[in-house]
Amino acid sequence: MLGRTLQEVSAALKQGQITPVELCQKCLSLIKKTKFLNAYITISEEVALKQAEESEKRYKKGHSLGALDGIPVAVKDNFSTSGIETTCASNMLKGYVPPYNATVVQRLLDQGAVLMGKTNLDEFAMGSGSTDGVFGPVKNPWSYSKQYREKRKQKSHGENEDSNWLITGGSSGGSAAAVSAFTCFAALGSDTGGSTRNPAAHCGIVGFKPSYGLVSRHGLIPLVNSMDVPGILTRCVDDAATVLGVLAGHDPKDSTTIQDPGKPFMLSSLTDVSKLCIGIPKVSLPFHFTEILSGQIQSPGLGNRLVGVESCLCHFC
Amino acid sequence: MAAPMLRGCCLGRCWALACIDSSSRHGRGAATGFTSSGKRGQSFVAQQPLLTAQKSRKGEHKWAAVVGLEIHAQIASNSKLFSGSQVHFAAPPNSLVSFFDASLPGTLPVLNRRCVEAAVMTGLALNCHINKKSLFDRKHYFYADLPAGYQITQQRLPIAVNGSLAYSVCVGKKWRQVITKTVRIKQIQLEQDSGKSLHDELRSQTLIDLNRAGVGLLELVLEPDMSCGEEAATAVRELQLILQALGTSQANMAEGQLRVDANISVHHPGEPLGVRTEVKNLNSARFLARAIDYEIQRQINELENGCEILNETRSFDYKLGCTVPMRDKEGKQDYRFMPEPNLPPLLLYDTASLPAGADPQQVINIDRIREQLPELPSETREKLIQQYGILPEHSFALLNEVGLLEFFQNVIKETRAEPKKVTSWVLNIFLGFLKQRNLAVNESPVTPSVLAELLNLLDRKVISSAAAKQVFEELWRSKGKTPSQIVSERKLELMQDEEALERVCHAVMEGHPQVVMDTKRGNPRAINKLIGLVRKVTHNRADPTVIKEILEKQLSS
């Protein structure tokens, strides 16, 4: 059940195959089992169970709030959560309990999502490995995969088992590990210079960085105010789209969000990628462009549909 | 501070004034350079220089002083500049603090529309060019009452620039001539106020109250076009009146809604400007002029003794009446200005550039604001002079006291007495009573209609001028009585019977032949004696002018 997509679980909840409380308890026990990953700083067990109970009441009445009702989610520890310690993996904010929720957190909770806990990160999101927080590094779940263990056994130099792990990338490593290890279905990260996409790639999941101004930054403890965005980590693209639909939109508390575009966000239901045309930005150094093209993007039927895209924005990279 | 007018300051430059403790230096003798009439709180008079005294000092030529001002006016709005918490004076400590004001991590500023409108109104009233695009910046410095470690201000591109403030000076004999002076306004910008620090010496701690943190301020930078304390004080007074008329700020210095810092330097005319010092902690209109003049004098003294002026910040010590260097001198501060990344540029529109279909709640139209500007003090004064024929200096005095103009207008409405008479009564007698008892206009026991009734009695010659004053005193003391009641109670009616009066005059003249002789001989004071005697007999119920007429008629016959 925990390995399913958000859509699938939501359907299961609606149909009553599983209750939100059971789902929540399953996730909580998995979190406990995977404590060695160090993905979570704070596990909000009581809060989560309470939210799950409320969700269960709604499902019983048939008044579910939507696709996210009863779904376990995790939030990176640089988002303000009311009543739950928010540390940014730093001693400077140890013991800091905010009195308000970040807008994105509030929007998730308003949809009935169940908050599992606050995930680990690089201190104040300054890093790209999730290794520099005061609560220790986050370990990539893939370190414990059969494939990796086999590989390591061959190259074993009598190392300590404990130090034999891979990084998650960062800075939203905790969120990525949490999603990748099936302890939640979606997690919030933040992205300033790749801090959502980087750990997503490391942990083999989907990491989505919305355009600046699309999602509210109110409650996101800033790293670079003019570049930060809240990021979404999920196990499949559809789930990311679902979460984005909930989070995107103008927030009067954040003056840098754009006015509502009007049309609600919809992901097209495309299954045949052979008709897709993919654009790859041309970077000024031709060296890099050729590298990418000659790399692993060898897919039958797509070779002649790769288009180089020149954009003014490339020059700012 | 009473009159906003500058009394006796000569055109152009203001000469150095002797201060409380340094008058001896220039050998001016007993007469110091200023008089202070404490009664009506008038600021002191600048006098013509004693050039002889100056020349005796090393044969130096004249000094000229240059004064610029930085004024912070608290915007009168319901909520703060970037957050939703309320703005109240003297609320319980830390009861009006939002998450953003306390700088909790993750909070963001949201611009207050009313504050922007206030800035535009003030800019338009001061003839400024309103920048259609202005930007916000962060000014960083560390202080306990600044939780964020920076203040959001407008350093690069403020909301209004290049304006002017006109104020009036009275010169000439008897200060009858009114001269208008202008001071250029460099810029007006929006910025945040900081919190308040309360130093508890007893327990060696500092208490922080963040109620004021984040309140919107208008910073007005006045160019150094002023040359003495009086000019600066007058300009500030006029600015106060303008802000109060616009409603953009209550501009009450005592409550900290208007704060003034002065930049002062001296130089010889024709030579480049001298090193300037900044004088802070000028929290009262009364001390503003005094502090500036002290500093001017101090700088002159230093330079004449061969010392140098340091570019420093000084504070005005009220008790000692002088400026002292401020304690923390850290050299030049680096404020690390940077653009405020959480606030996009502020865009204003006029009717021509307004985008079609724009939500009126989301945009500000400069032309609309200009149309809706209330009447400015200078216009009000003009109208008073035109409508009632009163003197310019009286128009200033009427606007200077809160509520006095309204009082005056209400009296005028209900009386047939001449405006000049009303003006004289309101400004001299009524205001005098208020000031003696330290009351505001709205605390006066005498209402406009009561005064109007009194003036009507005077106008109809039912009572004499002297009697009217007596009635007024009585009105002040006992509420509820009307002037007519008091007049009849104390039998103050003028004698209307002219024949009876003639008989009295005749009798008095008969009784005092010596005085009559003196009068006939041309002694001017003798007739007054006769008038006095007649008044005594009639218990002051006869009009002195009528008495005089009758006496003169009888004397000549």
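The values are calculated or read from the model by the stated rules, or taken from the named source; none is laboratory data. On a predicted model such as this, the values are computed, not experimentally measured, just so you know. So basically every Cβ, Gly included, is an ideal-geometry build from the backbone, and we count neighbours across all protein chains shown. Protein only, heavy atoms only, side chains kept; ligands, DNA and RNA dropped before computing areas. Shrake-Rupley method; radii C 1.70, N 1.55, O 1.52, S 1.80 Å.
Residues in region A:83-96 that are surrounded by fewer than 23 Cβ atoms within 10 Å (Cβ to Cβ) and away from chain B (no Cβ under 11 Å): how many? Can you show your working first?
Here is the first cut: in region A:83-96, the residues surrounded by fewer than 23 Cβ atoms within 10 Å (Cβ to Cβ) are A:83-85, A:90-96.
Checking which are away from chain B (no Cβ under 11 Å) leaves us with A:83-85, A:91, A:94-95.
Result for region A:83-96: 6.
When B:Lys479, B:Lys529, B:Lys491 are screened for being out of contact with any strand residue (DSSP E or B) (no Cβ under 9 Å at 6 or more places or on another chain), assigned to a helix (DSSP H, G or I) and either surrounded by fewer than 19 Cβ atoms within 10 Å (Cβ to Cβ) or small (Gly, Ala, Ser) (or both), only B:Lys529 passes. Assigned to a strand (DSSP E or B), crowded, with 16+ Cβ neighbours inside 10 Å and at pLDDT 90 or above: is that true of B:Glu278 in this structure? Yes: the conditions hold for B:Glu278.
Conditions first: (1) more than 11 Å from the chain's Cα centre (by Cα); (2) of a type in the set (A, V, I, L, M, F, W, C); (3) under 25 Å from A:Ser180 (Cα atoms). A:Leu214 passes all but one, so which condition is the exception? Only one criterion in (1) more than 11 Å from the chain's Cα centre (by Cα); (2) of a type in the set (A, V, I, L, M, F, W, C); (3) under 25 Å from A:Ser180 (Cα atoms) is unmet by A:Leu214, namely (3).
State yes or no: is B:Ala452 at pLDDT below 80 and either touching a Ser or Thr at 6+ places or on another chain (Cβ under 7 Å) or among the hydrophobic types (A, V, I, L, M, F, W, C) (or both)? Answer is no for this residue.
B:Asn127 falls short on exactly one of the conditions (1) within 14 Å of chain A (Cβ to nearest Cβ); (2) assigned to a loop (DSSP other than H, G, I, E, B), and that condition is (1).
Checking the condition within 25 Å of the chain's Cα centre (by Cα) and at pLDDT 90 or above, which residue from B:Leu376, B:Leu405 passes?
Details: B:Leu405 fails: at pLDDT 90 or above.
The conditions single out B:Leu376.
Counting only helices (runs of 4 or more DSSP H) that sit wholly inside region A:85-193, those with at least 1 residues that are at pLDDT 95 or above, among the small types (Gly, Ala, Ser) and touching an Asp or Glu at 6+ places or on another chain (Cβ under 8 Å) are A:173-180.
When residues of region A:67-82 are filtered for being more than 14 Å from chain B (Cβ to nearest Cβ) and open to solvent by less than 10 Å² (accessible area, probe 1.4 Å), how many remain?
Matching residues across region A:67-82 total 7.
Are any of the residues in region B:297-304 of a type outside the set (S, T, N, Q), assigned to a loop (DSSP other than H, G, I, E, B), over 20 Å from the mean Cα position of the chain (by Cα) and more than 18 Å from B:Glu231 (Cα to Cα)? Looking for residues that are of a type outside the set (S, T, N, Q), assigned to a loop (DSSP other than H, G, I, E, B), over 20 Å from the mean Cα position of the chain (by Cα) and more than 18 Å from B:Glu231 (Cα to Cα), one finds none in region B:297-304, hence no. The helices (runs of 4 or more DSSP H) found entirely in region B:350-447 that carry 3 or more residues being in contact with a Pro (Cβ under 9 Å, 6 or more places away or on another chain) and open to solvent by 70 Å² or more (accessible area, probe 1.4 Å) are B:404-414. Can you tell me which residues in region B:453-475 are over 19 Å from B:Ala542 (Cβ atoms) and open to solvent by 20 Å² or more (accessible area, probe 1.4 Å)? The answer is B:Glu453, B:Asn456, B:Glu473, B:Glu474. With respect to the conditions (1) crowded, with 19+ Cβ neighbours inside 10 Å; (2) modelled with pLDDT of 85 or more; (3) touching a Ser or Thr at 6+ places or on another chain (Cβ under 9 Å), B:Ala285 falls short on a single one, namely (2). For first residues located in region B:108-124 and within 12 Å of chain A (Cβ to nearest Cβ) and assigned to a loop (DSSP other than H, G, I, E, B), partners that are buried (at least 22 other Cβ atoms within 10 Å of the Cβ) and aliphatic (A, V, I, L, M) and lie 6+ apart or on another chain with Cβ distances below 7 Å form the pairs B:Asn112/B:Leu81. Here region A:234-252 is the region considered, the condition is being assigned to a loop (DSSP other than H, G, I, E, B) and away from chain B (no Cβ under 14 Å), and the residue that is surrounded by the fewest Cβ atoms within 10 Å (Cβ to Cβ) is A:Cys236. Across region B:74-107, the number of residues qualifying as within 22 Å of B:Asn283 (Cα to Cα) and not in a loop (DSSP other than H, G, I, E, B) comes to 1.
Taking the stated definitions as given, is A:Gly231 away from chain B (no Cβ under 14 Å), modelled with pLDDT of 90 or more and outside any helix (DSSP H, G or I)? Reasoning before the result, please.
On the way: away from chain B (no Cβ under 14 Å): yes; modelled with pLDDT of 90 or more: yes; outside any helix (DSSP H, G or I): yes.
So A:Gly231 fits the description; yes.
So, in region B:475-506, exactly how many residues are more than 40 Å from the chain's Cα centre (by Cα) and among the hydrophobic types (A, V, I, L, M, F, W, C)? Qualifying residue count, region B:475-506: 6.
Within region B:81-106, the residues that satisfy the criterion of being on the phi > 0 side of the Ramachandran plot and more than 10 Å from chain A (Cβ to nearest Cβ) are B:Ala90, B:Asn94, B:Ser103. Somewhere in region B:321-342, is a residue within 14 Å of chain A (Cβ to nearest Cβ) and open to solvent by less than 20 Å² (accessible area, probe 1.4 Å)? The answer is yes, given that some residue of region B:321-342 is within 14 Å of chain A (Cβ to nearest Cβ) and open to solvent by less than 20 Å² (accessible area, probe 1.4 Å).
Filtering region B:490-505 for residues that are over 25 Å from B:Glu552 (Cα atoms) and either of a type outside the set (A, V, I, L, M) or modelled with pLDDT of 80 or more (or both) leaves a non-empty set. Can you tell me which of (1) touching a residue at least 60 places away in the same chain (Cβ under 8 Å); (2) assigned to a helix (DSSP H, G or I) is the one B:Lys461 doesn't meet? Checking B:Lys461 against (1) touching a residue at least 60 places away in the same chain (Cβ under 8 Å); (2) assigned to a helix (DSSP H, G or I), the one that fails is (2).
Rundown of residues vs (1) within 12 Å of chain B (Cβ to nearest Cβ); (2) in contact (Cβ under 8 Å) with a residue 60 or more places away in the chain; (3) in contact with a strand residue (DSSP E or B) (Cβ under 8 Å, 6 or more places away or on another chain), yes/no style:
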site: A:Gly189; (1), (2), (3): no, yes, yes
site: A:Ser195; (1), (2), (3): no, yes, yes
site: A:Pro199; (1), (2), (3): no, yes, yes
site: A:Phe208; (1), (2), (3): no, no, yes
site: A:Tyr212; (1), (2), (3): yes, no, yes
site: A:Ser216; (1), (2), (3): yes, yes, yes
site: A:Pro222; (1), (2), (3): yes, no, no
site: A:Asn225; (1), (2), (3): yes, no, no
